[in-house]
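First up is the structure itself, then whatever we jot down about it.
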Amino acid sequence: MKNKTAILVDGGFFLKRYKVVYGKDPLQDGGLKVAKKLYSVVKEYEKKFGFYLYRMFYYDALPYTEKAHNPINGTAIDFSKTDLAKFRLSLFDELKKSRKVALRLGEVKKGNGWVIKPSQTKQLLKGELTPNKLDPNDVVYELRQKGVDLKIGLDIATLTYKKLVDQIILVSGDCDFVAAIKVARRDGIDFILDSMHQNIDHSLFEHIDGLHSVCPNPNNKRKK
């Protein structure tokens, strides 16, 4: 009898690694192509482990849709019309159409507002740059993702306690889920981490049943 498997994808992590492993900017590829690539990862895992897919869960946050004015030149920015916002909404729409995919969406909240980029901050502290010489591109609007990690942890616990699956594959490189992973493994869940070939904290190895990736290994490209 095949294992019943759930694949949990940390969307923010997946999109960051996308450009590294596939060599393309996800925003340029667009929502449809990225959704197909993500679903191909599921298919590759099905081939590798021969399981029955319970469901793929995709975790991300709805884009920030408020407006703000750049403090350097006063330019108004409508975050709902940015390329990033349009891309994420397009990706979510495509994933909704895919079989056995569940979206788990958090939200993006305003952080500390406009902040100076770290590189420019260092120059200011060294006296190499003065405030009146700051460029509009030297500041960023700080936003914070809320609720995504919590949803991942809760789903791991729910899948475990309700005995819905035999195996969980988590696509992430984060240590924040160790407590939830421990709960799953104590209840007999085979837990696999896919860091998309990113190095992980060595301490994570004692909490997982294997580290596997089915995407191209960018480290192999660098060796050529």
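The values are calculated or read from the model by the stated rules, or taken from the named source; none is laboratory data. Keep in mind that this is a model prediction, so the values were computed, not measured. All Cβ positions, glycine included, derive from the backbone under ideal geometry; neighbour counts span all protein chains shown.
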>> Can you tell me which residue is surrounded by the most Cβ atoms within 10 Å (Cβ to Cβ) among those in region 150-166 that are within 14 Å of the chain's Cα centre (by Cα) and in contact (Cβ under 8 Å) with a residue 60 or more places away in the chain?
In response: Ile152
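Can you tell me which residue among Leu103, Leu124, Leu143 is without any contact (Cβ under 8 Å) to a residue 40 or more places away in the chain, in contact with a strand residue (DSSP E or B) (Cβ under 8 Å, 6 or more places away or on another chain) and among the aliphatic types (A, V, I, L, M)? Spell out how you get there, then give the answer.
On the way: Leu103 fails: without any contact (Cβ under 8 Å) to a residue 40 or more places away in the chain; Leu143 fails: without any contact (Cβ under 8 Å) to a residue 40 or more places away in the chain.
Only one candidate qualifies: Leu124.
Show me the strands (runs of 3 or more DSSP E) found entirely inside region 62-135 where at least 1 residues are surrounded by fewer than 13 Cβ atoms within 10 Å (Cβ to Cβ), at pLDDT below 90 and not charged (D, E, K, R). Walk me through it before giving the result.
Numbers: elements: 67-69, 76-78, 101-116.
So the answer is 101-116.
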> Going through region 167-191 one residue at a time, which ones are crowded, with 19+ Cβ neighbours inside 10 Å and among the aliphatic types (A, V, I, L, M)?
Replying inline: Ile168, Ile169, Leu170, Val171, Ala180, Ile181, Ala184, Ile189
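Being aliphatic (A, V, I, L, M) and under 12 Å from Tyr141 (Cβ atoms), is that true of even one residue in region 55-68? Show your work before the answer.
Taking region 55-68 and keeping what is aliphatic (A, V, I, L, M), we get 56, 61-62, 68.
When the remaining residues are screened for being under 12 Å from Tyr141 (Cβ atoms), the result is 68.
So far as region 55-68 goes, yes, one or more of its residues are aliphatic (A, V, I, L, M) and under 12 Å from Tyr141 (Cβ atoms).
Being part of a helix (DSSP H, G or I), touching a helix residue (DSSP H, G or I) at 6+ places or on another chain (Cβ under 8 Å), modelled with pLDDT under 95 and surrounded by fewer than 20 Cβ atoms within 10 Å (Cβ to Cβ) is the requirement here; does Lys19 meet it?
Details: part of a helix (DSSP H, G or I): yes; touching a helix residue (DSSP H, G or I) at 6+ places or on another chain (Cβ under 8 Å): yes; modelled with pLDDT under 95: yes; surrounded by fewer than 20 Cβ atoms within 10 Å (Cβ to Cβ): yes.
Taking the combined requirement at face value, the residue satisfies it.
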> Consider Asp10 against the criteria (1) exposed (fewer than 13 other Cβ atoms within 10 Å of the Cβ); (2) of a type in the set (D, E, K, R); (3) touching a residue at least 24 places away in the same chain (Cβ under 8 Å); (4) within 30 Å of Thr160 (Cα to Cα): it satisfies all of them except one. Which criterion is unmet?
Replying inline: (1)
>> I'm checking my understanding of the structure. Among residues of region 194-218 that are more than 17 Å from Leu38 (Cβ to Cβ) and hydrophobic (A, V, I, L, M, F, W, C), which one is surrounded by the most Cβ atoms within 10 Å (Cβ to Cβ)?
In response: Ile208
>> With the requirement that a residue be within 15 Å of Arg104 (Cα to Cα) and assigned to a strand (DSSP E or B), what does region 149-186 give you?
In response: Leu170, Val171
